[in-house]
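The values are calculated or read from the model by the stated rules, or taken from the named source; none is laboratory data. Model, not experiment: these values are computed from the prediction. Every residue, glycine as well, gets a Cβ built from its backbone with ideal geometry; the counts of neighbours run over all protein chains shown. To get the accessible areas, we keep the full protein, side chains included, count just its heavy atoms, and leave off ligands, DNA and RNA. Shrake-Rupley method; radii C 1.70, N 1.55, O 1.52, S 1.80 Å.
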Amino acid sequence: MTTRNIVLLPGDGIGPEVTKAVRTVLEGVSKGHDLSLAFESHAIGGCAIDACGDPFPDATAEACKKADAVFLGAVGGPQWDGGGPRPEAGLLALRQALGTFANLRPVRLFPGLEHLSPLKPERATGTDMLIVRELTGGIYFGAKEEGEQRASDLCAYSRHEVERVARIGFDAARSRSGRLTSVDKANVLASSRLWRKAVVALRDAEYPDIALDHVLVDAMAMKLIERPSAFDVILTENMFGDILSDEASVIAGSIGLAPSASLSESHGGLYEPIHGSAPDIAGEGKANPVGAILSGAMLLRHALGEEAAAAEIETAVARCLADGIGTADIGGSASTTGVAQAVCDRLRTPVTS
Ligand code: NAD
Ligand code: IPM
Ligand code: MN
């Protein structure tokens, strides 16, 4: 049995709490699947700044590049807002180092949990979308100017950057409903006009079977809460995807439920819940680990090709939620470790700690 090496980057705030939960569940599922997983942990973000002054130390970078997959908890917090190096820079450098250009952010309302949505049940029902967010280009990585009187961030995309992420979106659409909605701001931004042109040309050339439509990002923010079930695969650029995925996540009940997978052409990828370090609840055992645990399932599926183990975790999470076990953000009374244990108990081969 080949051992797969997983680098864990717990990070800051609730990051270490949800990372521990993921490890518990991955170790649990591996027992029933002839799967050998080796874990090593490294510093990133604020804790790395505190330890060595660098949010993405060389040792972390080297370990991540060598790993079969990387899991990240969260980075950031108010203690690093004072003007020195930023924890978030560590995460951006990591994404760039691994070349994780396509970020998959599924948002699904678990059956029976309609009451968790801030939307009326009749609006929330049927929410099951996949946001495909471009992750290594756009305004996040353009030239910056940071002065006291003037500051700027350049939003630039090359045709190649648009095409490679659009291909991921079209392939996902083909395996789902055959529909793809591309979100841009083509009425104002040149980068969005190139985005739209490149997406249309790719559909015409390689994906004529996919029904493609375009929605401007401001209208999309509205339509998402008006009728979320109207959308299946949503393809968009880096910053629009960041914003729309936080919005979409609460339709399913809580940002704490939302996972993600960041895919690369040259590496097994980076797996992280979409939430941040939640400084307001850090250290209290209140963090919802479901988004992190489902990111662990995506890691098994996309990085290791372990579809059965991934699906088993997803089924166990759904059963756990259907059984009313959850953290306070979804109206429950369980702790972070309590949820992880409840998920383990619902695996095909229950594991007791
Ligand atoms: P956040 O996602 O950390 O928190 C937003 C709200 O959601 C808070 O009320 C928080 O308590 C709640 N929340 C988030 N995750 C939760 C979970 N798992 N369970 C229960 N409740 C949860 O966003 P923020 O407050 O805007 O950012 C805090 C810090 O995190 C900032 O420094 C930001 O830069 C960073 N951040 C990091 C990542 C990442 O590492 N991937 C993502 C987003 C934000
Ligand atoms: C996310 C976060 C990050 C982003 C930050 C922390 C750099 O908000 O993963 O969604 O903006 O991509
Ligand atoms: Mn975000």
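In the stretch 226-250, how many residues are over 11 Å from Leu130 (Cα atoms) and away from ligand 3 (no atom under 16 Å from the Cβ)?
Matching residues across the stretch 226-250 total 5.
The rows are residues; the columns are (1) surrounded by 18 or more Cβ atoms within 10 Å (Cβ to Cβ); (2) over 22 Å from Leu224 (Cβ atoms); (3) at pLDDT 95 or above.
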{"position": "Ala124", "(1), (2), (3)": "yes, no, yes"}
{"position": "Thr127", "(1), (2), (3)": "yes, no, yes"}
{"position": "Thr136", "(1), (2), (3)": "yes, yes, yes"}
{"position": "Gln149", "(1), (2), (3)": "no, yes, yes"}
{"position": "Arg159", "(1), (2), (3)": "no, yes, yes"}
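Go over the candidates Gly305, Gly276, Gly291, Gly256 one by one and state the one that is out of contact with any helix residue (DSSP H, G or I) (no Cβ under 8 Å at 6 or more places or on another chain), of a type outside the set (A, V, I, L, M), within 16 Å of ligand 3 (Cβ to nearest atom) and modelled with pLDDT of 95 or more. Show your work before the answer.
Details: Gly305 fails: within 16 Å of ligand 3 (Cβ to nearest atom); Gly291 fails: out of contact with any helix residue (DSSP H, G or I) (no Cβ under 8 Å at 6 or more places or on another chain); Gly256 fails: out of contact with any helix residue (DSSP H, G or I) (no Cβ under 8 Å at 6 or more places or on another chain).
On inspection, the qualifying residue turns out to be Gly276.
State which residue pairs qualify: first residue assigned by TED's automatic domain parsing to the domain that holds Ala287 and inside the stretch 321-332, second residue hydroxyl-bearing (Ser, Thr, Tyr) and modelled with pLDDT of 95 or more in any location, beta carbons under 6 Å apart, and separation of 6 or more residues or different chains.
From the stretch 321-332, the pairs are Asp329/Ser254; Ile330/Ser254.
Step by step: first the residues of the stretch 325-353, then only those that are within 23 Å of Ala38 (Cβ to Cβ) and at pLDDT 95 or above, then the one that is surrounded by the most Cβ atoms within 10 Å (Cβ to Cβ). Which residue is that?
Only one residue fits best here, namely Val343.
From the list Val75, Val25, which one is within 15 Å of ligand 2 (Cβ to nearest atom) and modelled with pLDDT of 95 or more? Working first, answer last.
On the way: Val25 fails: within 15 Å of ligand 2 (Cβ to nearest atom).
The unique qualifying residue is Val75.
Tell me which residues, restricted to the stretch 20-42, are open to solvent by 20 Å² or more (accessible area, probe 1.4 Å) and out of contact with any strand residue (DSSP E or B) (no Cβ under 9 Å at 6 or more places or on another chain).
Answer for the stretch 20-42, where residues must be open to solvent by 20 Å² or more (accessible area, probe 1.4 Å) and out of contact with any strand residue (DSSP E or B) (no Cβ under 9 Å at 6 or more places or on another chain): Thr24, Lys31, Gly32, His33, Asp34.
Name the residue, out of Ser264, Ser254, Ser229, Ser249, that is away from ligand 1 (no atom under 16 Å from the Cβ), closer than 29 Å to Gly76 by Cβ and in contact (Cβ under 8 Å) with a residue 24 or more places away in the chain.
Numbers: Ser254 fails: away from ligand 1 (no atom under 16 Å from the Cβ); Ser229 fails: closer than 29 Å to Gly76 by Cβ; Ser249 fails: away from ligand 1 (no atom under 16 Å from the Cβ).
Result of the check over Ser264, Ser254, Ser229, Ser249: Ser264.
Please count how many residues of the stretch 267-282 are free of Cβ contacts under 8 Å to residues at least 40 places away in the same chain and either open to solvent by less than 30 Å² (accessible area, probe 1.4 Å) or more than 9 Å from ligand 1 (Cβ to nearest atom) (or both).
If we filter the stretch 267-282 for residues that are free of Cβ contacts under 8 Å to residues at least 40 places away in the same chain, which is where we start, we get 280.
Now restrict to residues that are either open to solvent by less than 30 Å² (accessible area, probe 1.4 Å) or more than 9 Å from ligand 1 (Cβ to nearest atom) (or both): none.
So the answer is 0.
Taking the stretch 289-327, which residues are within 15 Å of Gly73 (Cβ to Cβ), away from ligand 2 (no atom under 16 Å from the Cβ) and not hydrophobic (A, V, I, L, M, F, W, C)?
Result: Pro289, Gly296.
Just one of (1) of a type outside the set (Phe, Trp, Tyr); (2) touching a Phe, Trp or Tyr at 6+ places or on another chain (Cβ under 6 Å); (3) over 24 Å from Ala21 (Cα atoms) trips up Ala143, so point out which.
The failed condition is (2).
Scanning for something modelled with pLDDT of 95 or more, within 19 Å of the chain's Cα centre (by Cα) and open to solvent by less than 30 Å² (accessible area, probe 1.4 Å), does the stretch 191-205 turn up at least one residue? Please lay out each step first, then the result.
First pass over the stretch 191-205, keeping only residues modelled with pLDDT of 95 or more: 191-205.
Now drop any that are not within 19 Å of the chain's Cα centre (by Cα), which leaves none.
The answer is no; no qualifying residue exists.
Where the second residue is crowded, with 17+ Cβ neighbours inside 10 Å and acidic (Asp, Glu) and the first is farther than 14 Å from Ser260 by Cβ and at pLDDT 95 or above and lies in the stretch 89-100, which pairs have Cβ atoms under 8 Å and are six or more apart or on separate chains?
Gly90/Asp54
Within the stretch 58-108, which residues are more than 9 Å from ligand 1 (Cβ to nearest atom), of a type in the set (D, E, K, R) and open to solvent by 50 Å² or more (accessible area, probe 1.4 Å)?
Answer for the stretch 58-108, where residues must be more than 9 Å from ligand 1 (Cβ to nearest atom), of a type in the set (D, E, K, R) and open to solvent by 50 Å² or more (accessible area, probe 1.4 Å): Asp58, Glu62, Lys65, Lys66, Asp68, Arg108.
Among the residues of the stretch 110-117, are any within 14 Å of ligand 1 (Cβ to nearest atom), open to solvent by 10 Å² or more (accessible area, probe 1.4 Å) and modelled with pLDDT under 95? If you could, list the steps in order and put the result at the bottom.
Taking the stretch 110-117 as the starting set, the residues that turn out to be within 14 Å of ligand 1 (Cβ to nearest atom) are 116.
When the remaining residues are screened for being open to solvent by 10 Å² or more (accessible area, probe 1.4 Å), the result is 116.
Okay, now just the ones that are also modelled with pLDDT under 95, so 116.
Yes, that holds for at least one residue.
Ala322 passes all but one of (1) at pLDDT 95 or above; (2) more than 16 Å from ligand 3 (Cβ to nearest atom); which number fails?
(1)
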